[in-house]
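> If you scroll down you'll find the structure; I have some questions about it.
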Amino acid sequence: VDVQITVLADVTDDVVAAFGRLLPQLSGRSGQNGQAGPIDPAALRRVLDCPANTVLVARSGAGIVGTLTLVTVPTMTGVRAHVEDVVVDAATRGRGVGAALITAAVELARGAGADSVELTSRPSRHAANRLYRRLGFQPRDTNVYRYLLVTE
Ligand SMILES: CC(C)(COP(=O)(O)OP(=O)(O)OC[C@H]1O[C@@H](n2cnc3c(N)ncnc32)[C@H](O)[C@@H]1OP(=O)(O)O)[C@@H](O)C(=O)NCCC(=O)NCCS
């Protein structure tokens, strides 16, 4: 599929509409209390305004069809790079948009001086896990912990 990957710079109406469509497809991660709901443009703007974040969007003839957020942070032991909130519109999956987004994020992380790029993905996300491994991501031998601050 003919797709262009760009860094999102502005929160325009088409961007708000696209994220309103895309983020609910990340189950449990969008809206208040995990509910799919309208996307708050101010919240989108806060994400873009954080210097650690680079929001990539994939555009095709149909407009914005996918996104991810690359987070790069300097730490005492080097630049950390994480990929968050990867989603491609259900109607456009299986055509390489996800691969194009991840490949672009990896190159940006390289440019930022990171030694590696990290992400997590639930085992039940079969398409995502297959995609990451195909692109060269390897399972990391570590324990991933979470301290819950809110009741789910
Ligand atoms: C994971 C995701 C981003 C991949 O995006 P994509 O644009 O479909 O990615 P690609 O086309 O580059 O590759 C997807 C893989 O699924 C396969 N696939 C084919 N048709 C598909 C379809 N209709 N739906 C999903 N996957 C399909 C592709 O062939 C490819 O398999 P391969 O890696 O074995 O070649 C997308 O499926 C998605 O948004 N899923 C829901 C949200 C999610 O799980 N996000 C990841 C959070 S960690």
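> Out of VAL86, VAL11, VAL55, VAL3, I need the residue that is within 21 Å of ALA128 (Cα to Cα) and open to solvent by less than 30 Å² (accessible area, probe 1.4 Å). Which one?
Residue meeting the stated conditions: VAL55.
> When only residues in region 14-39 that are within 14 Å of the chain's Cα centre (by Cα) and open to solvent by 30 Å² or more (accessible area, probe 1.4 Å) count, which is modelled with the lowest pLDDT?
ARG29
> Only one residue in ARG125, ARG95, ARG130 is basic (Lys, Arg), closer than 19 Å to GLY66 by Cβ, over 13 Å from the mean Cα position of the chain (by Cα) and open to solvent by less than 90 Å² (accessible area, probe 1.4 Å), so which one is that?
One residue alone meets the criteria, ARG125.
> Assess whether ALA112 counts as being open to solvent by 20 Å² or more (accessible area, probe 1.4 Å), modelled with pLDDT under 95 and among the hydrophobic types (A, V, I, L, M, F, W, C).
No, not satisfied.
> Next up: Can you pull out every residue in region 86-119 that is within 7 Å of the ligand (Cβ to nearest atom) and hydroxyl-bearing (Ser, Thr, Tyr)?
THR92
> Kindly establish whether THR67 is within 16 Å of the chain's Cα centre (by Cα) and at pLDDT 95 or above.
Here the answer is yes, as THR67 does meet what is asked.
> Ok, one more. Contact list please: Cβ distance under 8 Å, first residue in region 1-25 and more than 21 Å from ALA100 (Cβ to Cβ), second residue of a type outside the set (S, T, N, Q) and open to solvent by 80 Å² or more (accessible area, probe 1.4 Å), pairs at least six apart or on different chains.
Qualifying pairs under 8 Å: VAL11/ARG45; GLY20/PRO38.
> Inside region 33-152, counting only helices (runs of 4 or more DSSP H) that do not spill past its ends, which hold 2 or more residues that are out of contact with any helix residue (DSSP H, G or I) (no Cβ under 6 Å at 6 or more places or on another chain) and in contact (Cβ under 8 Å) with a residue 40 or more places away in the chain?
The helices (runs of 4 or more DSSP H) meeting that bar are 97-111.
> Here's something else I'd like to know. Mind checking whether some residue in region 67-76 is in contact with a Ser or Thr (Cβ under 8 Å, 6 or more places away or on another chain), within 17 Å of PHE19 (Cβ to Cβ) and open to solvent by less than 10 Å² (accessible area, probe 1.4 Å)?
Yes, region 67-76 contains at least one residue that is in contact with a Ser or Thr (Cβ under 8 Å, 6 or more places away or on another chain), within 17 Å of PHE19 (Cβ to Cβ) and open to solvent by less than 10 Å² (accessible area, probe 1.4 Å).
The values are calculated or read from the model by the stated rules, or taken from the named source; none is laboratory data. A quick note: this is a predicted structure, and the numbers were derived from the prediction, not measured. Positions of Cβ are generated from backbone atoms using ideal geometry, with glycine treated the same way; all protein chains shown enter the neighbour counts. Ligands, DNA and RNA are excluded from the accessible area calculation, which covers all protein heavy atoms including side chains. Shrake-Rupley method; radii C 1.70, N 1.55, O 1.52, S 1.80 Å.
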